[in-house]
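No value in this document is a laboratory result; all are computed from the given coordinates. Here the structure is a predicted model, which is why all the values come from computation and not from measurement. A quick note on method: Cβ atoms are made from the backbone with ideal geometry, for glycine too, and the neighbour counts reach across all protein chains shown.
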Amino acid sequence: MWWSEGIAGRARRACLRGAGIAVLAALLGGCGFQLRESTNLEFDTIALQGQGGPLMDLLRRRILATTATRIVADPKQAQAVFTLLSDASAQTPTAFNAGGTVAQYALNETARFQLTAPDGHVYIAPTTITRTSMMSYSTSATLAKANEADLLYTGMRRDLVDRILFQLGALHALAPASAPAR
């Protein structure tokens with residue numbers, strides 16, 4: 001029994017337990033897991049222009065929460081001007097049941113944007129990003145399916161904002177306003 005092993009047995013168990021914990025920590029550390037870091041943008045100030053709405057609100061919150069970049073109201077005071085050219089949601093029937101009613105929808109969220117200097121120099125040309133999700137549909141669960149669609153649209157908007165921030169973060173250095181874009 002463990003109580004009759006004495007001090008040497010307890011020390012061995014403690015050593016084995018410590019080694020097991022160290023191995024476990026090494027395995028977890030080696031898997032590549034890390035917390036999401038802040039996005040590093042190459043500009044200190046940005047102006048956000050374009051239509052408002054949930055996507056723009058989410059982008060504004062994410063820039064404020066995860067970057068060191070400040071949002072300014074006047075585009076002339078910003079190093080970069082982000083313009084949301086369009087943001088659209090669409091729901092398209094993709095499958096029908098035997099009775100002819102819709103059984104499945106494709107939900108689309110599309111954002112079109114550009115990034116320029118205050119003088120009009122283009123850093124990111126007008127770019128369109130689309131996210132699509134499929135959703136089954138049943139007339140007996142109309143309210144539940146409407147709530148599901150809202151959740152899917154919210155998730156797609158988050159994904160679009162992640163993609164936009166990835167593209168903004170991929171700019172390694174903003175070229176001077178007089179230099180050609182690369």
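Explain nothing, just compute: Karplus ³J(HN,Hα) = 6.51 cos²θ - 1.76 cosθ + 1.60, θ = phi - 60°, for every residue of region 50-56 in order, whole Hz, x for Gly and Pro.
Result, rounded to whole Hz: x, 5, x, x, x, 5, 5.
By counting other Cβ atoms within 10 Å of each Cβ, how are 64, 41, 55 ranked from fewest to most?
On the way: 64 11, 41 21, 55 26.
Final ranking by Cβ density, sparse to dense: 64, 41, 55.
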